[in-house]
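Asker: Provided herewith is a single structure, encoded as structure tokens, for subsequent inquiry.
The values are calculated or read from the model by the stated rules, or taken from the named source; none is laboratory data. The shown structure was predicted, so the numbers you read here are calculated from the model rather than taken from an experiment. So basically every Cβ, Gly included, is an ideal-geometry build from the backbone, and we count neighbours across all protein chains shown. These area figures cover heavy atoms from the full protein model, side chains too; ligands, DNA and RNA do not enter into them. Shrake-Rupley method; radii C 1.70, N 1.55, O 1.52, S 1.80 Å.
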Amino acid sequence: PYGLIGAVAGHILLGYSMSVVSLLGALALSGVVINDSLLIVTETNKQKSSGLDTVSALVAACRRRFRPIILTTLTTFGGLAPMILEPSRQAALMIPMAISLGFGIVFATAITLLLLPSLYLIMDDIRNAFCPCYPSCADNETLQQTVCDQPVSKHKYYQDRKPI
């Protein structure tokens with residue numbers, strides 16, 4: 001979805017209308033965006049399994065995967081820029097696809113690097129609120145007031161939290 005927003009914004013910015021070829025560019029874009037997201041999530045999970053807490057794992061993962069993600073984005077946009085800016089009629093059919101892919105990847109990368117870590121932390125907080133003793137909610141059969149033989153409010157996860 002974020003890539004599609006960037007693709008539409010690129011078409012509006014350059015004065016092109018969306019077409020079927022533009023949607024094919026957005027389809028190609030989805031693979032790159034998913035790959036960028038998977039890089040961060042996989043690295044975060046690897047860091048967490050090595051013993052880091054969630055925030056430290058996210059910082060380490062984003063630090064480690066930032067350069068490959070940015071280089072992918074810059075080289076893709078740089079490679080598509082001549083086609084996007086090509087004035088000849090021979091390239092007219094491919095320009096909307098290049099616009100979708102180029103502008104979509106720039107926008108989606110920015111969103112991935114800024115929003116994905118925040119969403120990961122939110123989901124981790126939700127998971128810990130319902131299943132503080134288990135690695136995943138699938139292991140918890142009943143989401144009652146007591147978890148691990150103690151009230152949820154007495155669990156260490158909630159004692160470390162400061163009230164808002």
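Asker: If the requirement is being more than 19 Å from the chain's Cα centre (by Cα) and modelled with pLDDT of 90 or more, which of these qualifies: A81, A61?
Answerer: A81
Asker: Please go through the range 46-58 and pick out each residue that is within 14 Å of Y120 (Cα to Cα) and without any contact (Cβ under 8 Å) to a residue 12 or more places away in the chain.
Answerer: Scanning the range 46-58 gives K48, D53, S56.
Asker: Applying the selection to the range 15-31, what residues are in contact (Cβ under 8 Å) with a residue 60 or more places away in the chain and of a type outside the set (G, A, S)?
Answerer: Y16, M18, V21, L23, L24, L29
Asker: Right, another one. Hey, which of the helices (runs of 4 or more DSSP H) in the range 1-107, taking only ones fully inside, have at least 3 residues that are open to solvent by 30 Å² or more (accessible area, probe 1.4 Å) and of a type in the set (K, R)?
Answerer: By residue number, 54-84.
Asker: So which residues in the range 32-43 are in contact with a Lys or Arg (Cβ under 9 Å, 6 or more places away or on another chain) and touching a residue at least 24 places away in the same chain (Cβ under 8 Å), if there are any at all?
Answerer: Result: D36, L39, I40.
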